[in-house]
Every structure is written in structure tokens, then in C-alpha cells.
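Undergrad: Here you go, one structure.
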Amino acid sequence: MPRRVPRPPIPSPSPTHSLISKIEGPFNPQSSSPLFSTIPPEIRNKIFSFALYSYDNKSRPYPDGTYFSRPGYRYHQGISTALLEACKRIYTETHDLPISQNEHVFWCSSSRGPPGRSFCDKPSGYFERFTVEQRAAVVQVHLFTQLFWLEGSAFDNFCNIQDIHLRYLKITVRHADWWHWESNKPLLLRHEWMDKLKLLLKLGTLDVELETMERDKDQMEAIVKNLFQRQIPVAYSRTLTTHGNPIFRERYMGTSTYDNRIYYSSQSNRWTAGRPSHAPEDLPYVVSTIRWTAEALN
């Protein structure tokens with residue numbers, strides 16, 4: 001048989017430029033508008049900022065009992081960008097705000113995110129659609145990630161995305177993201193993925209949010225204490241440390257069933273495949289968040 005020649009990888013499309021690169025002046029300074037002639041710039045900028053924050057779309061709630069519905073994430077998000085169409089001056093002052101001030105959220109893997117979200121588990125495909133200016137404006141990313149994604153090549157690929165120089169990264173490991181949680185195995189988190197963070201050249205803050213049911217809180221607390229002692233070397237002779245950052249802890253009542261295929265049995269104190277024979281009750285969950293911030297190495 002002839003030897004198969006592997007196909008070369010398909011190169012990512014070159015990013016285009018935003019409209020801002022094509023706007024030529026001079027344009028109307030809108031001096032007759034009170035927005036520019038009366039309101040101080042610092043107040044005007046706050047107004048623009050508030051107008052372009054993402055918001056909960058109450059008409060599109062996340063269903064209960066799904067992997068992606070949890071405190072702070074109960075609805076699809078919306079951003080009203082009509083302000084950018086008002087005039088050229090407003091566009092030049094606000095064009096990157098929807099990108100820079102809102103977090104970019106991914107559910108890794110594909111079965112754990114809201115339906116209808118393109119590239120919800122593929123950050124590279126999501127950012128490939130961005131223009132040059134939009135890529136440069138990205139500041140914060142939030143990954144809800146199963147551990148196989150975080151500890152495997154997928155996270156490596158994320159850290160290697162070109163021209164995305166985020167300053168803030170949040171990683172959330174939910175109860176159903178731990179290795180073999182549905183088999184009631186002990187909690188386990190490896191650390192090798194942290195070595196990849198040096199590829200994020202401008203990273204200044206890292207939050208790691210760990211969640212589990214109250215039954216396993218002692219296991220998670222041991223992992224939290226271990227992580228809290230770690231220092232993470234990153235680019236430009238800096239290190240991420242937890243110095244001066246307290247561990248933030250909270251508790252909430254959450255689902256005891258996931259996607260109608262697995263449920264928690266209070267009688268056996270175990271997760272069990274199938275559907276419960278009675279109405280499910282909420283479970284107590286515990287959450288701990290560790291923050292690292294960048295410091296220069298001595």
C-alpha cells in the first residue's frame with residue numbers, strides 16, 4: 001500500500017482590520033451636543049462604559065440542572081452596541097469597549113456549555129473571527145473547564161493563540177468538571193498546566209475558582225491550600241504569587257441532577273446514573289477562589 005502523506009495544517013485566516021482603521025478625519029466634533037460640550041470627559045466615558053457592558057438576557061434563561069447554570073451565570077448574555085452607530089466621534093471613543101471591558105467566556109468541553117454558542121469550547125475559532133484591533137483589545141477571559149481540557153493539549157493551544165494578550169484569566173472547575181466525579185472518585189488536580197501560563201505574555205492576574213459539593217469540601221480544601229503556596233513564573237521575569245490575596249470562599253444551593261442522566265442519592269451519599277424516583281432537592285456546594293497577581297522577580 002502506498003504510504004499516506006499527512007495533510008499540512010490549514011493555516012488560520014489572517015485577521016482583517018476594524019472600521020476604525022478606515023475612518024479618516026476630520027469629522028464632526030459634535031460641539032453642539034451637550035454630551036461633548038457640557039458633560040466632563042470622565043463622566044461621559046462612564047456613561048459609554050455602562051451602556052456597553054454585557055447584561056443578563058432575562059428572556060433566555062439557562063435551564064436548571066445543566067452543567068452551565070450556576071450563580072452569576074443563569075442567563076444568556078447580551079450587549080447593546082447601538083451606541084457605536086450614533087456618530088463617528090462616539091465610534092472612535094467606544095469601538096473597543098465591548099471587547100475590552102467584558103469577559104470572554106468559554107465552556108470547555110463542547111457538551112458543557114449553553115446551546116447555540118458557537119466556539120464555546122474552542123477559543124481559537126472564536127478569536128479567529130476578531131479583527132486586529134479587537135484582538136488587541138481583549139483583556140479578560142473566563143474558562144469553565146473540565147480537567148481533561150485544562151490538563152491536556154487544549155489549554156496549551158489556548159495559551160498559544162496569537163495576538164491575544166489578556167491581562168486577566170479566570171479558570172473555574174465546577175463540581176462536575178473533576179476527574180471521575182460521577183464515579184465518586186477522590187478529587188485530583190495536577191499542576192503541569194500552570195507551566196503554560198508563561199505563554200500569556202501580559203497576564204497580570206490569575207483566578208482559580210474550585211467548586212465541589214459539601215460532602216467533598218475537605219478534599220477540595222487540601223487542594224486549595226496546596227495551590228495557595230505555589231508561585232508561578234510567567235513572562236518578562238515576573239512571577240504570579242498569592243501574597244496579600246486572601247482566599248475567597250462562598251457557599252450556595254445547587255442542583256442534585258445533571259442533564260437528567262445522573263443524580264445524587266442522599267440515601268447512599270453517592271452520585272448514581274439514571275433519574276431520581278422523587279423530586280430532586282438542592283445540594284449545598286462550596287466554592288473557593290485563589291488569586292495570583294504578578295510581581296517582578298528580585
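The values are calculated or read from the model by the stated rules, or taken from the named source; none is laboratory data. Worth saying up front: this structure is predicted, and the values here are computed from it rather than measured. When the accessible area is computed, the model is the full protein with side chains, heavy atoms only, and any ligands, DNA or RNA have been set aside. Shrake-Rupley method; radii C 1.70, N 1.55, O 1.52, S 1.80 Å.
Undergrad: Please build a GNM for the chain, connecting alpha carbons under 10 Å apart, and tell me which residue among Pro61, Pro34, Pro115 fluctuates the most.
TA: Pro34
Undergrad: Keeping every protein chain in place, order His142, His180 by accessible area at 1.4 Å, biggest value first, i.e. largest first. Could the numbers behind the result be given before it?
TA: Numbers: His142 0, His180 105 Å².
Result, largest first: His180, His142.
Undergrad: Under a 5 Å amide H to amide H cut-off, with H placed in plane at 1.01 Å, what residues pair with Thr212 once short-range neighbours are removed?
TA: Result for Thr212 returns Val286.
Undergrad: Now a separate question. If you take Rg and Dmax of the Cα atoms in Å from the coordinates, which of (1) 22.5, 79; (2) 19.0, 61; (3) 17.4, 50 do you get?
TA: Here Rg and Dmax of the Cα atoms in Å agrees with entry (1).
Undergrad: So how much slack lies between Lys198 and Asn157, counting 0.36 nm per residue of separation and subtracting their Cα-Cα distance, in nm? Intermediate values should be presented prior to the final figure.
TA: Values: separation 41, 0.36 × 41 = 14.76 nm, distance 1.30 nm.
This chain segment gains 13.5 nm when fully extended.
Undergrad: Would you mind checking the pairs Lys170/Lys196; Lys198/Lys225; Lys22/Lys88; Lys185/Lys217 and listing those with alpha carbons more than 18 angstrom apart? Spell out each step's value before the answer.
TA: Working: Lys170/Lys196 14 Å; Lys198/Lys225 23 Å; Lys22/Lys88 11 Å; Lys185/Lys217 13 Å.
Violating the 18 Å Cα-Cα cut-off are Lys198/Lys225.
Undergrad: Output ³J(HN,Hα) for region 243-258: one whole-Hz value per residue in order, computed from phi by the Karplus curve 6.51 cos²θ - 1.76 cosθ + 1.60 with θ = phi - 60°, and x for Gly and Pro.
TA: Going residue by residue, I get 4, x, 10, x, 6, 9, 10, 8, 9, 8, 9, x, 5, 10, 9, 10 Hz, with x marking Gly and Pro.
Undergrad: Taking H placed 1.01 Å from N in the peptide plane, check which residues at least 5 places from Leu203 or on another chain put their amide H under 5 Å from its amide H.
TA: Correct list: empty.
Undergrad: So which residue, out of Pro246, Pro29, Pro114, gets the largest mean-square fluctuation from a GNM of the chain using Cα contacts under 10 Å as springs?
TA: Sorting by GNM fluctuation, first place goes to Pro29.
Undergrad: On to the next question. Picking from Glu221, Glu192, Glu42, which is most flexible by a Gaussian network model of the chain using Cα springs under 10 Å?
TA: It is Glu42.
Undergrad: Continuing with this model, one more query. Please tell me the relative contact order of region 103-296 in percent, rounded to the nearest whole number, where contacts are Cα pairs under 8 Å and at least six residues apart. Intermediate values should be presented prior to the final figure.
TA: On the way: 361 pairs, mean separation 36.3, N = 194.
Once normalised by length, the contact order is 19 percent.
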